[in-house]
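Structure record follows, encoded as structure tokens.
The values are calculated or read from the model by the stated rules, or taken from the named source; none is laboratory data. Keep in mind the model is a prediction, meaning the values are calculated, not measured. Counting neighbours? That spans all protein chains shown, and the Cβs are built from the backbone with ideal geometry, glycine included. Surface areas here come from the heavy atoms of the whole protein model, side chains and all, with no ligands, DNA or RNA. Shrake-Rupley method; radii C 1.70, N 1.55, O 1.52, S 1.80 Å.
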Amino acid sequence: MTRALVLLGLMLLSACGSSTSLPAPRIVDINPASDTVGRTAPIQLEIEAAFPIRLDYAEGEVETQGRTRVWIGEQEARVIALNAQSLFAVDLPANLGVAAYDVRVALADGRETTSPQGFTLVSPDAGPDGIPDGGVYVADGGPEPEPDAGQDPTRPMGEGDITGYEFETISDQDIGQPFAIIVRAVGPRAADFTDKVDLSISKNNGNVSPTSLDKFVGGICVQNIAIDAQGANVVLTVTDRFGVQSSSNAFKVK
């Protein structure tokens, strides 16, 4: 089944008030806005939203109420919370065909927003503008292009572009049960990173599956893995093709 992940950057703008006094959420950006049918890499969605909260005076805690829901077209997407900064991963619904889809986000109190035709899927043989490819591009021999205005995101990654990786904290897990890990690339070109990296587990802690992470987008990967042995101090490590290596916190598999 084709799966993709949508990363949601949610900005907490308000800490109190009823749903009637809070503003509607707003979709700020969808990146990329289009791709080919069968996409497996994630897409990114950023919204601004003021969330209703609950104040626990006894415990001295502030808790965001309810959950966020997302639809791509008429199909609801599964939402996975990533961290306390209101980031989410959302599985792109399977079997979406060639079309332009509305992207709808709804908060728990009923406020919602829609980006009309905010995400488009095109045929695999279409060009970047959604029109069937007319062949190899040939330069017209016109004026020289403008000087480079910055880093080229299409340039292959080189040594020094990525300096490390950061794991979101991993809680204790059950043996053989899939769970999601979140890994972020760090470095000058972290936002462009889409490479595959190797995944390994600490010695004497069995095996991890899969043995690579290949769903980075915008320098972030959210991927389900499973571990087939028990241990009290399990550590995961990622290694890229340049030898850059980083590890997770130690956690228990029971």
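Where does the charge balance sit around Asp198 when Lys and Arg score +1, Asp and Glu -1, over other residues with C-beta under 12 Å from its C-beta?
Counting the neighbours of Asp198, the net charge comes to -1.
Per residue, how large is the accessible surface of the range 164-253? Use a 1.4 angstrom probe and give square angstrom.
46
Extension gain Asn31-Lys252, at 0.36 nm per residue separation less the Cα-Cα distance, in nm?
Full extension from Asn31 to Lys252 adds 76.0 nm.
For the pair Ser212 and Gln75, what calculated FRET efficiency results from E = 1/(1 + (r/R0)^6), where r is the Cβ-Cβ distance and R0 = 30 Å, to the nearest 0.05?
0.55
Which length gain, in nm to one decimal place, applies between Phe242 and Glu159 when the Cα-Cα distance is subtracted from 0.36 nm times their residue separation?
29.3 nm
Among the lysines, which have Cα under 22 Å from the Cα of Lys252 when same-chain residues fewer than 8 positions away are ignored?
By straight Cα distance, Lys252 reaches Lys203.
So how much slack lies between Gln230 and Gln177, counting 0.36 nm per residue of separation and subtracting their Cα-Cα distance, in nm?
My answer for the length gained is 17.9 nm.
When all alpha-carbon pairs of the range 204-253 are counted, what percent fall beyond 18 Å? Please list the in-between numbers first.
Working: 432 of 1225 pairs.
Summing the P(r) tail past 18 Å for the range 204-253 gives 35 percent.
Using the beta-carbon distance between Ala99 and Lys196 and R0 = 51 Å, what value does 1/(1 + (r/R0)^6) give for FRET efficiency, to the nearest 0.05? Intermediate results must be reported in sequence, preceding the final value.
Details: r = 30 Å, r/R0 = 0.58.
Once the sixth-power term is evaluated, E becomes 0.95.
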